[in-house]
Amino acid sequence: MARNIQSLERAAAMLRLLAGGERRLGLSDIASSLGLAKGTAHGILRTLQQEGFVEQDEASGRYQLGAELLRLGTTYLDVHELRARALVWTDDLARSSGESVYLGVLHQQGVLIVHHVFRPDDSRQVLEIGAMQPLHSTALGKVLSAYDPVAHSEALEADRKAFTDRTVCDVDAFEQILDLTRARGYAADVEETWEGVASLAAPIHDRRRMPVGAVGITGAVERLRKDGELRPELIAAVRDCARAVSRDLGAGRF
């Protein structure tokens, strides 16, 4: 019988530990939990980090699962309840809006894209599942920051980089945007992250009415706006999609 490879067994155990424990674990916690020497644990973590399976928080030095796990394929994502519940509704949103649709969740002080529906035309597009977006400048990120206290804290702690001259980096101005997002139930990004690009997003809640993600559309500014204003029918379509996914997750009516 072939012998198991010990280093792979240890790496697998480490990933399971990170998946089932606290959001972030320190080196000492990981080593003691798995009965490993710190040097051995650190070597495995370093390798996993280089491959993108583990990420290390620069401030605390703690480790958590990395986004690369989502890039391995759609098998894992198909059993992800949020994505599974959103599939039909995001397809409908892409058809009705004529734009790309993104489903995002909070991850490592940013927005992790867990589902992406292409714009329904013949243009060349790149699948962005597993990509990261900033919390402070994107519509998805603003929604998460407005409704999720953890995302809000991480957006304030993160380096709010100015991607364009429209990016809002000031804390007080950012808080005002979040207040507006909560008041109207959606967020917008008009050339705050990418020149010539706009996006709209709304929150998704679960059966406990807790925010679990955000869904939105992204496209050229000239398509999402009319007479200098975001098109109300697109805003309504995004909000309706978010409500439909929330209902399927057991959130009831909002």
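The values are calculated or read from the model by the stated rules, or taken from the named source; none is laboratory data. Treat the numbers as computed from the prediction; the structure is a model and nothing was measured. Cβ placement follows ideal geometry from the backbone for every residue including glycine, while neighbour counts extend to all protein chains displayed. With ligands, DNA and RNA removed, areas are computed over all heavy atoms of the protein, side chains included. Shrake-Rupley method; radii C 1.70, N 1.55, O 1.52, S 1.80 Å.
A compact table of results
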| item | result |
| --- | --- |
| One residue from THR181, THR218 being out of contact with any helix residue (DSSP H, G or I) (no Cβ under 7 Å at 6 or more places or on another chain), of a type outside the set (Asp, Glu) and on the phi < 0 side of the Ramachandran plot | THR218 |
| Residue that is modelled with the lowest pLDDT [pool: residues in the range 66-97 that are under 26 Å from ASP240 (Cβ atoms) and within 15 Å of the chain's Cα centre (by Cα)] | LEU77 |
| Qualifying positions in the range 190-200 - surrounded by 23 or more Cβ atoms within 10 Å (Cβ to Cβ) and in contact with a Lys or Arg (Cβ under 7 Å, 6 or more places away or on another chain) | GLU192, ALA198 |
| Among the residues listed as ILE235, ILE217, ILE204, the single one being surrounded by 23 or more Cβ atoms within 10 Å (Cβ to Cβ), modelled with pLDDT of 95 or more and of a type in the set (A, V, I, L, M) | ILE217 |
| Which numbered condition ILE177 misses (of (1) free of Cβ contacts under 8 Å to residues at least 40 places away in the same chain; (2) within 17 Å of the chain's Cα centre (by Cα)) | (2) |
| Residue that is within 21 Å of MET132 (Cα to Cα), at pLDDT below 85, open to solvent by 50 Å² or more (accessible area, probe 1.4 Å) and assigned to a loop (DSSP other than H, G, I, E, B), where the choices are GLU58, GLU22 | GLU58 |
| Residues located in the range 98-129, provided they are under 9 Å from the mean Cα position of the chain (by Cα), over 20 Å from THR167 (Cα atoms) and either of a type in the set (Val, Ile, Thr) or surrounded by fewer than 18 Cβ atoms within 10 Å (Cβ to Cβ) (or both) | VAL105, ILE113, VAL114 |
